Amino acid sequence: MKNIVLFASGGGSSVENMLRSFINEKQIKVLGIFCNNQKAGLLKRVYLKKFKTIIFKNNDLLNGNVFGQLKRLDPELIVLAGFLKKIPKDIILNYHKRIINIHPSLLPKYGGKNMYGNNVHKAVIENNEKKSGFTIHYVNEEYDQGDIIFQKSIEVDTKNVDELANKILEEEHKYYPIIVKQVLNA
């Protein structure tokens, strides 16, 4: 049995998608969902109420409280799914190549601080990119600069930010659980 934890800050569609993908998976167990936003939409999702949820303040990420909880849970993999805070160095060093993130662009383009969600899609459209997509990568000490595990590109065929975001999110939902399984089995 491989144990994972999920980190999220927002609406929770990626977390719920991951949980639904693993519900009948006998080799993967979700130990908990970490959330740094008490108003996050993910906390209202009925499906997620079946899972242990750890709500923490941003300061808990920096003062070692979250790290302590991670050490107690001892996951094989930490999966960031819409988590908007930088992971502290102590966690990265102790979980080297065991933290993965998904980013809504083809990194290294449109990565870095403040490049998340619709900020990314807006920049892609403003720059008249022909392709966009998403990247799954290991987390290191710099935003969106860890080793790339997987990328999926799509055609940019709209000037509407929400349409592009939804098109990419649909692909993320297809591939992220598959890549998590592959990383766990590597």
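The values are calculated or read from the model by the stated rules, or taken from the named source; none is laboratory data. Just so you know, these numbers come straight off a predicted model, no measurement behind them. Here the Cβ positions follow ideal geometry from the backbone for every residue, glycine too, while neighbour counts run over all protein chains shown.
If the Cβ limit is 7 Å and pairs must be 6+ apart or interchain, which residue in the stretch 51-69 that is without any contact (Cβ under 8 Å) to a residue 60 or more places away in the chain pairs with which residue that is exposed (fewer than 13 other Cβ atoms within 10 Å of the Cβ) and part of a loop (DSSP other than H, G, I, E, B)?
Cβ pairs passing all conditions: ILE55/GLN38.
Considering the stretch 10-48 alone, what residues qualify as being at pLDDT 90 or above, surrounded by fewer than 21 Cβ atoms within 10 Å (Cβ to Cβ), small (Gly, Ala, Ser) and in contact with a Leu (Cβ under 8 Å, 6 or more places away or on another chain)?
SER13, GLY32
Name every residue in the stretch 110-128 that is surrounded by 17 or more Cβ atoms within 10 Å (Cβ to Cβ), at pLDDT 95 or above and either charged (D, E, K, R) or under 23 Å from LEU77 (Cβ atoms) (or both), in order of residue number.
Across the stretch 110-128, the qualifying residue is only GLY111.
If ASN58 satisfies all but one of (1) within 25 Å of LEU93 (Cβ to Cβ); (2) of a type outside the set (A, V, I, L, M); (3) more than 18 Å from the chain's Cα centre (by Cα), what's the number of the condition it fails?
Only one criterion in (1) within 25 Å of LEU93 (Cβ to Cβ); (2) of a type outside the set (A, V, I, L, M); (3) more than 18 Å from the chain's Cα centre (by Cα) is unmet by ASN58, namely (3).
Tell me which residues, restricted to the stretch 88-110, are touching a residue at least 40 places away in the same chain (Cβ under 8 Å) and out of contact with any Phe, Trp or Tyr (no Cβ under 8 Å at 6 or more places or on another chain). Can you show your working first?
As a first pass, look at the stretch 88-110 and keep what is touching a residue at least 40 places away in the same chain (Cβ under 8 Å): 89, 92, 97, 99-104, 106-107.
Hits for the stretch 88-110 are LYS89, ILE92, LEU107.
Would you mind finding the one in LYS159, LYS122, LYS113, LYS109 that is in a helix (DSSP H, G or I) and among the charged types (D, E, K, R)?
LYS122
Is it the case that ILE136 is part of a helix (DSSP H, G or I), at pLDDT 95 or above, of a type in the set (A, V, I, L, M) and touching a strand residue (DSSP E or B) at 6+ places or on another chain (Cβ under 6 Å)?
The answer is no for ILE136.
Among the numbered criteria (1) under 16 Å from the mean Cα position of the chain (by Cα); (2) under 29 Å from GLY112 (Cβ atoms); (3) surrounded by 17 or more Cβ atoms within 10 Å (Cβ to Cβ), which single criterion is violated by LEU84?
(3)
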